[in-house]
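Following: one structure in structure tokens, then a few remarks.
Throughout, read-outs are computed from the coordinates displayed, never taken from laboratory work. Predicted model, so just to flag it, every value in this text is computed and none were measured. Positions of Cβ are generated from backbone atoms using ideal geometry, with glycine treated the same way; all protein chains shown enter the neighbour counts.
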Amino acid sequence: MSETKSSGAPSQAAAGSHARPAQIGKPPPNGGRLWLILPLLVVAAYAPGIGNDYVVWDDDIYIRDNPYLRSIGGLARIWIPSDPVRKYYPLTYTLHWAEFQLWGTWPTGYYLVNVGLHAVNAVLVFLLLRALGAGSGGALLAGALFAVHPMQAPSVAWLAARKTLLSTTLALLAFLVYWRARRAGQVRWAYLAYALFAAALLSKCAAITFLGSAILADWLLLRRRLWDAVAPLAPVLVGVGGCLMYIDSLFERTVGTCFAEPLPLRPLAASAAFWFYTGKLLWPAGLALIYPPWTVSVSLMWLLPLIALVAGALGVWVLRRRIGALAVWGAIHFFLTLLPILGLLSFGYLKHSPVGDQYVYAAAPGLFLLVALGLARLTRWVGREKAHFVQLAVGVAAVAALGWLTGNRTLQWRGQEEFWSSAIADYPDFAFGRRRLADAYLDRRQWAEALREYTRLLQDDPDDAEVHNNIGLVLNRLGRPAEALERFRIAAAHAVEDNLPEAQTNLAATQKKLGLLPAEITRLTAALASQPDDRETRYALAMALAVDGQSAQAVQHVRYLVRDNPDDPQLLYRVAFLLRIAGQDAAAADTYRRAAELARTKGPAELWYMINREMAELPASAVGD
């Protein structure tokens, strides 16, 4: 038997040079149209979520408040890798842009598209597993589990997870097309597969793991030499994938914080995360929106998952002929797809939790394939006809139970209050979630509830400027301006390091309400006369003058601030905010632009996001977009 050498697109000889391997990869007959069941299952499971709203965790940044979705100019900027907060998902944002033109910020529209993509993905999982050689019953069961499993709910119900859904759709399509090209030796299909793989990477660079899965299928199922399996996809893997991963790494470095465990502990945390995902997929009890942090240490408890993972990998490889090449592919696909998010590398979500249900979406088909193959083997002892009945009964029961759990779980994304209440119910010390819940109460004018949550947050950080500022807002609404004034004073004292210029505005506004602003302006004027280089005193005076309606005098002080600090993005951000208070929207927009340019190179990613958020709230005439 001759080996087929392959570099670049597959040749016509590729199909005929391995007669036996081609039979291994050939799908069994009688697949029929069983896949039609899968979209119905998805619709049934996710119908309760129609009417869900934004939960204000990335979905506001990516969709609702994304300034790039509002114009043709924004569409062009989507393709320029310059925003470290929104990351570089240009094809995903392009789809969001098209939707925004159709229905604006209407959340149900985005939800329905998510559900539609998930339904398509369930069908593609079935078709891919059939193409790789799984029986129709096993492929259908794996597809159905993928369709209704409650761990998939965050990737569908959470509007911000569109990047995962779209990249998986394109990657599964690319895999199917590539598999046809490799089996039939058709060059035109190979080029289409390359384009689809590139599109998947432009939706979310984590889709690069699907190229590894395609290579593994080529190697394990068609039994090509490893290099012959790697070579056709190397240009996409290294070219497009390498560039996008480099861009993503630049954005991670812009944040400037490592959220992963210390290097010696990462293999322990990653192994525990792998078994966590495996266990939750097999038995989805105790699912949470946010899981509490782990305390990883070099101890037997943390070494055991690593030992078990190594032993499991060795066992799969030693028994590979007995369990079959397709099962080996499923196991490796599951592990390989999870690998980037197990905690070996740092990424932003790790600051909240070591694991998240949304990360199993693309990996799940591998484990569900193993479940289907395992069920088929376990039921052989009852005879062929009875085995089909047992498999059907178990499958229907499992799918019905999982679908019911998913339907209930989608309601957690009904809105901010529901989402964040559920999150802190699972993890009471989740300060980020409690802050968002308090903000939701504030937005809904539920003053007592907001005050309760903000006050609790101060137990962990008594100097938090934003919390003090928001408590002041609540106290003002409750008719307690004197108490609010003290909160605003504390907030203003810490506003610089927290990038919170609105604290200074609220302080001045409350002083004006209490009749104290003229005296404060006099005091600040005297203080500035004795220390003319004190920029914080000058800023406070300018804000007080702006709030008092003395815009011309405020702008004079602004000019001093900008002249003396032309390269400070944080100060320019605060100055732009002050100019807005003074009614100088055009000047504010220009200052925001300058601050944004500086923030790209010398400011934190959070400052870059805050500048863009403020820009989005300016009138279009001022922004000039």
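Annotations for the structure displayed:
- Convex hull volume of segment 46-171 per residue (C-alpha atoms, cubic angstrom): 110
- Phe347, Phe488, Phe126 arranged by Cβ crowding within 10 Å, fewest neighbours leading: Phe347, Phe126, Phe488
- Cβ-based exposure ranking for Ile80, Ile521, in which fewest neighbours within 10 Å come first: Ile80, Ile521
- Cβ-defined net charge surrounding Leu287, 14 Å radius [Lys, Arg +1; Asp, Glu -1]: 0
- A crude spin-label estimate for the pair Arg180 and Ser530, with each label 7 Å from Cα along the Cβ direction, gives 8.2 nm.
- Table column - 3J(HN,Hα) (Hz), segment 415-425, Karplus curve with 6.51, -1.76, 1.60, x for Gly and Pro: x, 4, 5, 5, 5, 6, 5, 5, 5, 7, 5
- Pairwise label distance in nanometres, Leu392 with Leu34, each label 7 Å out on the Cα-Cβ vector: 1.1
- Burial order of peptide ranges 107-117, 274-284 (average beta-carbon count within 10 Å, highest first): 107-117, 274-284
- Angstrom value of the Kirkwood radius, inverse mean 1/r, which spans all Cα pairs in segment 290-395: 16.3
- Helix 136-148 axis versus longest C-alpha principal axis of the chain: approximately 10°, rounded to the nearest ten.
- In the chain, inverting the average of 1/r over every pair of distinct C-alpha atoms gives 27.1 Å as the Kirkwood radius.
- Segment 466-504: GluC sites (Glu not before Pro) falling in loop per DSSP and having at most 15 other Cβ within 10 Å: Glu497
- Crossing angle, helix 300-318 versus the chain [Cα axis fit, 0-90 degrees, rounded to tens]: 30
- Taking only the alpha carbons of segment 516-625, we obtain Rg and Dmax values of 14.1, 43 Å in that order.
- FRET efficiency estimate (nearest 0.05) - Cβ-Cβ, Ser82 to Leu303, R0 45 angstrom: 0.55
- Cα-based helix-to-principal-axis angle, 208-220 vs the chain, degrees rounded to 10: 10
- The stretch between Leu378 and Phe432 holds 14.9 nm of extra length on full extension. This uses 0.36 nm per residue minus the Cα-Cα distance.
- Ranked Thr601, Thr169, Thr522, Thr379, criterion: other C-beta atoms within 10 Å, fewest first: Thr601, Thr522, Thr379, Thr169
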